[in-house]
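One structure below.
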Amino acid sequence: MINKRHVLMAALVAGASWLGASSASAQSDYPNRPIKLVVPFPAGGTSDVLGRLMAEEMGKVLRQPIIVENIGGAGGIVGTERALKMPADGYTLIQTGVGQSAVAHGLDPKLKYNSLTDFVHLTQVNSGPNLLVVHPSTPFKTVKDIVDYAKKNPGKLDYGFTHAASGHMAMELFKQTTGIFLTGIPYRGGGPLLNDLLAGTVPMIFINQDAALPHIKAGKIRAIAISSLQRNPLYPDVPTVAEAGYPGFQSLSWSGISVAKGTPQPIVDKLEAAAVQALQSESLRNRLTSVGFVVPTAGGKAYTAFIKSEIDTWTRVIKTAGIKPE
């Protein structure tokens, strides 16, 4: 008489073997269909442009189209949360970045994801400094001019900012590093803030290097200093804040490509290799450097370590400044 228990066990073993073989096969022929890249910001902005550039180049390497899906909201948090709920099968890539992956941790201790444990980071894509700029009607030509004036006139020098943006973080770090007290004027978006700077309504801001470029060239705003550790090739005559007497000062806008934790390792390896190869594209690098972005060290190990350092920095700055979520 056949033992039903033995039959059941044999069936379970066979089923497990089939599933294992099926999973291995799925991984070996990955990717066999289009891939999605979730960009957690609206279409048309810098993050979206960078995501689409990377999607195009990675798609060439993987020989499958990578389709960008824009899911905006809450400074990148909404799209990031939603992307993490999608299957961790390698068919959903996630654009990570300074706001949603570092600053958000300082703003919200109850954030629904952890940028270090809920993701596998493939590579950083870009790094861009902020520029400390002033309206030409101001007398300021150097960082020393600004610091000296602010120390003699605490609270009398205004600056504009959009809440929790990279320029806001750069200014908070600048105030804490130099020990000055400035009066911040909040704006709901970068467009109105830039317009008021150009009109002279607000005298000073930190702004992303790509947004500042045409206005600096036109003489409509004056660049005082740049927030990277090294001078930027696009602004060779603009000194760093570090050069101005504050060693180690650095505030960057950055993004990268990641996947959800649980993505099979063979697929992670294939995606990381494709991302690193994509960053070697001459057309991609030329597009990035033409607007002042730097292409950083590629690969997941370097990117993960960088994200950790950024979380530490911005959590400290935010706590010191007492900044709260909107």
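The values are calculated or read from the model by the stated rules, or taken from the named source; none is laboratory data. Predicted, not measured: the structure shown is a model, and the values here were computed from it. Because the Cβ atoms are built from the backbone with ideal geometry, glycine has one as well, and the counts that use them run over all protein chains shown. Ligands, DNA and RNA are excluded from the accessible area calculation, which covers all protein heavy atoms including side chains. Shrake-Rupley method; radii C 1.70, N 1.55, O 1.52, S 1.80 Å.
Any residue at all in segment 79-93 that's small (G, A, S) and at pLDDT below 95? No - not one qualifying residue is present in segment 79-93. Check whether at least one residue in segment 183-203 is open to solvent by less than 40 Å² (accessible area, probe 1.4 Å), closer than 19 Å to V291 by Cβ, touching a Leu at 6+ places or on another chain (Cβ under 8 Å) and in contact (Cβ under 8 Å) with a residue 12 or more places away in the chain, and report yes or no. No, segment 183-203 contains no residue that is open to solvent by less than 40 Å² (accessible area, probe 1.4 Å), closer than 19 Å to V291 by Cβ, touching a Leu at 6+ places or on another chain (Cβ under 8 Å) and in contact (Cβ under 8 Å) with a residue 12 or more places away in the chain.
Please tell me if I226 is closer than 21 Å to S137 by Cβ, surrounded by 14 or more Cβ atoms within 10 Å (Cβ to Cβ) and in contact with a strand residue (DSSP E or B) (Cβ under 8 Å, 6 or more places away or on another chain). Break it down stepwise before answering.
Numbers: closer than 21 Å to S137 by Cβ: no; surrounded by 14 or more Cβ atoms within 10 Å (Cβ to Cβ): yes; in contact with a strand residue (DSSP E or B) (Cβ under 8 Å, 6 or more places away or on another chain): yes.
When the stated conditions are applied, I226 does not pass them.
Candidates are the residues of segment 268-323 that are basic (K, R) and within 26 Å of I226 (Cα to Cα); the one that is most open to solvent (accessible area, probe 1.4 Å) is K319.
Residues in segment 169-184 that are within 17 Å of I146 (Cα to Cα) and either outside any loop (DSSP other than H, G, I, E, B) or touching a Cys at 6+ places or on another chain (Cβ under 9 Å) (or both): A170, M171, E172, L173, F174, K175, Q176, T177, T178, T183, G184.
How many residues, within segment 234-250, are under 19 Å from L213 (Cβ atoms) and either in contact with a Pro (Cβ under 6 Å, 6 or more places away or on another chain) or open to solvent by less than 20 Å² (accessible area, probe 1.4 Å) (or both)? Can you show your working first?
Restricting attention to segment 234-250, the residues satisfying the condition of being under 19 Å from L213 (Cβ atoms) are 234-241.
With either in contact with a Pro (Cβ under 6 Å, 6 or more places away or on another chain) or open to solvent by less than 20 Å² (accessible area, probe 1.4 Å) (or both) added as a condition, the list becomes 235, 238, 240-241.
Within segment 234-250, residues that are under 19 Å from L213 (Cβ atoms) and either in contact with a Pro (Cβ under 6 Å, 6 or more places away or on another chain) or open to solvent by less than 20 Å² (accessible area, probe 1.4 Å) (or both) number 4.
Scanning segment 23-48 for residues that are polar (S, T, N, Q) and outside any helix (DSSP H, G or I) returns a single hit, N32.
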